[in-house]
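Asker: Below is one structure. I have some questions about it.
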Amino acid sequence: MTSNLDDSNKQQLPETPPADVSGEREGMISWEAEKKPLRAWRLWVPLLFQTVLIAAVPAPAFYTYVTGKTVILQTAPVDPYDLLRGYSQTLGYDISTQNTLKSLPGWQDLPGHTSSCPAVKPPAKSTCKEEKYVDAGTSFYVIMEAPKSAASGRPQPWKPVRVSRERPKNLPANQVAIKGKYGGWNAEYGLETYYMPEDQREQINNDINQAQQRQPGQNRQAIPFVVEAKVDAQGNAVPVSLWVRERNYRF
């Protein structure tokens, strides 16, 4: 009896049609098809941006190297203990030192302040001299002049003749203006660090060390190695090579 009732109820229940999943599948397929171009954009746009940045970094240096004028700069003494510390070397120049710069015409016109001397009572005489202190961070130009006669072998360094707050125009053919920045104690020109070729590092170190050894009768300031650089019309400079005595090492 119960079995017959259960059978009749089952027959009266409507059958549920199977869910139509074709629409959902089509939506998923179309969504995935639209998703692929989005992934491609995310991939190549950052790569393109990075490529542009990498290509733009050396562009100013390349421009200076191609269009710049050659100038020879006298280096300052190098700490011999720094020669063995790695594959780069930090150089200073005569035009980096405050003593050289303050002796040039135009240095007094740069932004800064002048020290004052205390008053003395007669008959005493004051030995104090007023001195100009240029503000740190001041940008300026050093006008370099080529030597009058060219020597064979190692090139002769150019001579600083004056300092200018503004970039000078219409310089004669034997002069060039190099842009520097005063740091409070010395000046930098973007030429302070150069990288040694790995296969020549030891030889360069030895040559510089020997070149700095004072010879009998030699002026202590006569350091026989110079740097060849290119300076563009805006005063920017890039190093080209290092001359140590008669040997030339390209950067």
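The values are calculated or read from the model by the stated rules, or taken from the named source; none is laboratory data. Fair warning: this is a prediction, and the values are worked out from it, not measured in the lab. Side chains are part of the model used for accessible areas, which takes the heavy atoms of the whole protein and leaves out ligands, DNA and RNA. Shrake-Rupley method; radii C 1.70, N 1.55, O 1.52, S 1.80 Å.
Asker: Enumerate the amide H contacts of A76 below 5 Å, restricted to partners 5 or more residues apart or on another chain; note that Pro and chain-start residues carry no placed amide H.
Answerer: Residues meeting the amide H criterion: G92, Y93, D94.
Asker: Past the 18 Å Cα-Cα mark, which pairs from K69/K181; K102/K230; K102/K179; K102/K132; K179/K230; K69/K169? Don't jump to the answer; show the numbers that get you there.
Answerer: On the way: K69/K181 20 Å; K102/K230 25 Å; K102/K179 16 Å; K102/K132 8 Å; K179/K230 12 Å; K69/K169 15 Å.
Pairs exceeding 18 Å: K69/K181; K102/K230.
Asker: If you don't mind, there's one more thing I want to ask. With every protein chain left in place and a probe of 1.4 Å, what is the accessible surface of C128, to the nearest 10 Å²?
Answerer: 60 Å²
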